[in-house]
Amino acid sequence: MAKTLTIGVLALQGAFIEHIHALNTLRSSEHISDVVEVRTKQELDLVDALIIPGGESTAIALIAERCGILEDLREFARTKPTWGTCAGLILLAKTAIHTKKGGQQLLNALPVTVSRNQFGRQVDSFSIKLSSQCLEHVSEQCATGVVEPFEYVFIRAPAIVSVDDSEVEPLVKLPPGHGQTEASEDGLLVAVKYRKMLGTSFHPELTNDTRWHRYFVRMALSQEDSAVEALAA
């Protein structure tokens, strides 16, 4: 019998409902047994993989700390498949710059440096369609054999301005010219994979395209399979 996953979405603040909806649409086609809103350690203990949604990274960290699950989230991110989108990427990172005065709590898991609000204020939000090679295995090809571009939505988004470990795999980079600093001149990195972690600057849950959710589910499933094989060896 094929392994199935219980996937959690951190539901303290932000766009968690949209992620839950996207995951539920995949339950019949992917190996998802349940989708859980996570607010407590008990709920976190139920899940095999976790999505930390976009929202307000400082608020999510403060609520997690007050709920007593911040340390549990740190441990989870180090040991189980975890995907941070937008604010979730900031939380996953080991280093964040341009934070609010006094800084903010991070999970210190993903070895990258993230620039908060790299693309400006709410009025500077934008979307861009890009073809991404990393999505080829979760995409249906059109008649010409070309993978349909994905619509990347950026809302007060961060960007990855430094990769701080050679194991971090860059996945998506924007064309030059998007962003608020000199770092944007060479094109900003907006998606990376590292061991069991996925970090993205954009909001895939705000589109009807579930390919990034499918990518994460299959990534998490492959990690589970690898763990089972290691135990059997």
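Every number in this text was worked out from the coordinates using simple rules, so none of it is lab data. Everything numeric in this text was worked out from a predicted model, so none of it was measured. Positions of Cβ are backbone-derived with ideal geometry, glycine not excepted, and every protein chain shown enters the neighbour counts.
Data overview
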| quantity | calculated |
| --- | --- |
| Simple label model, 7 Å out from Cα along Cβ direction - Asp186 to Thr25, nm | 3.6 |
| Over 18 Å between alpha carbons, listed pairs Lys173/Lys193; Lys80/Lys100; Lys3/Lys80 | Lys80/Lys100 |
| Loop-resident sites, the stretch 1-96, for trypsin sites (Lys or Arg not before Pro), counting at most 15 other Cβ within 10 Å (DSSP) | Lys3, Arg27 |
| Separation in nanometres of the label points that stand 7 Å from Cα toward Cβ, at Ser131 and Glu148 | 1.5 |
| Once exposed loop GluC sites (Glu not before Pro) are cut out (DSSP; at most 13 other Cβ, 10 Å), longest piece of the chain | 1-139 |
| DSSP-loop chymotrypsin sites (Phe, Trp or Tyr not before Pro) across the stretch 76-121, with at most 16 other Cβ within 10 angstrom | none |
| Largest-first ellipsoid semi-axes for the chain, taking √(5λ) over the Cα gyration tensor eigenvalues, angstrom | 25, 23, 16 |
